[in-house]
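Some notes on the structure that comes next.
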Amino acid sequence: MRILAAFALSAAACSIPALATVSADARRGEQFFEKQKCNTCHSVGAAVRSSGKAPDLAASADREYTPSGLASRMWNHAPAMWDQMKGMGVALPAVSEQDAADLYAFFYAARYFEKASDAGRGKKAFYDKRCADCHSLVAGGPVLPGPPVASWQTLGDPLALVQRMWNHLGRMQDEAGKRKIAWPQLTSQDLGDILIYLRTVPGAKGTSNAFALPLGANGRQVFESKGCVNCHKGANSLEKRLSNQTLTDIAAEMWNHGPRMKQPGIQLNEDEMRQLVAYLWGNQFFASQGNSARGRKVFETKQCGSCHGKGGAPKIEGRAQFSDITLVSALWKHGPQMLATLKAKNMAWPQLTAGQMSDLVAYLAQPEAK
């Protein structure tokens, strides 16, 4: 499957936490994944299939569905991966920050960060939530006010789906009122299940995973010009409220929020929605939300300072744009040498939970970090 996806995260002029100005493209991520022969062992859902015995990186597993969760999972398994690659004669890649960002985009497009969905539950939700009252599955069925599912172009693109749902809220509210249907509330699990079910509809379009975000440089302007800023301030501010939420989470929340809007009917074209989401969501989701004080304790208890600053390894200077992506790049660039040094000191490779990884990244981004 060709993955059509790209996103970029911008340190726009706003108080919302920002990563770096990083452009990331899932097409490049997929190509890098295959070029480095990661697909020799790992599958990634339907995007990349492998006959190897390593876990499918997009499959349901006991894991944290966050950027720090992915970073910790990769960190903890790195020594075993390196041994496996060495035994297979596969050279270890030097992963730049750009490569790491592209890999994150690829995994996002392959729904790594979404919790597992179920088509059976989705079918039940589609009918229980009365979606079928307005949308038939295929063309040629009963004449209903909404377009048939088979004609939708957004089943594989979470951002396009958010935009279509948002722009049609007014019409859907009118139809629900005419039919005396209470506005259905959707959890992100409901929406994820429904989307997986709808992908099974014969002739369904737009089912290839797609994900594209611009730099988000104009997102603040959209936020203000569309009047969003008039309500989302103070206690209703969106700062730090979207971290660790996926676009499916946000689509469900926007749907539930629609009828309560003070200014209903605000329309957003696709570019405006992408700019807005990049500005509000991308910077939060891919930036660390950890606690730097706890991160300092992780740095100390894991004895990172025994090498960095005291044992000959370079000091880790504070970087305002340090992120999980930065750490993943450092892992693949310097990890093998780190492992050799630890073995020489008779020290074990440190294991990090997702929470510890998030805290450590937050600490390393502080100017006083060493």
- Query: Across the range 322-365, which residue is nearest to F33 (Cα to Cα) among those that are of a type in the set (S, T, N, Q) and surrounded by fewer than 16 Cβ atoms within 10 Å (Cβ to Cβ)?
  - Reply: Q337
- Of the conditions (1) surrounded by fewer than 19 Cβ atoms within 10 Å (Cβ to Cβ); (2) outside any helix (DSSP H, G or I), G120 fails just one. Which one is it? (2)
- Item | Residue under evaluation E114, criteria (1) surrounded by 15 or more Cβ atoms within 10 Å (Cβ to Cβ); (2) within 14 Å of I194 (Cα to Cα); (3) more than 15 Å from the chain's Cα centre (by Cα), criterion not met | (3)
- Among the candidates S358, S306, which residue alone is at pLDDT 85 or above and outside the structural domain of V162 (by TED's automatic domain parsing)? S358
- Item | helices (runs of 4 or more DSSP H) lying entirely in the range 150-260 (those with 1 or more residues that are of a type outside the set (A, V, I, L, M) and touching a Lys or Arg at 6+ places or on another chain (Cβ under 7 Å)) | 188-198, 228-231
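The values are calculated or read from the model by the stated rules, or taken from the named source; none is laboratory data. In this text the structure is predicted, and so the values were computed from the model without any measurement. Cβ atoms come from the backbone with ideal geometry, glycine included; neighbour counts cover every protein chain shown.
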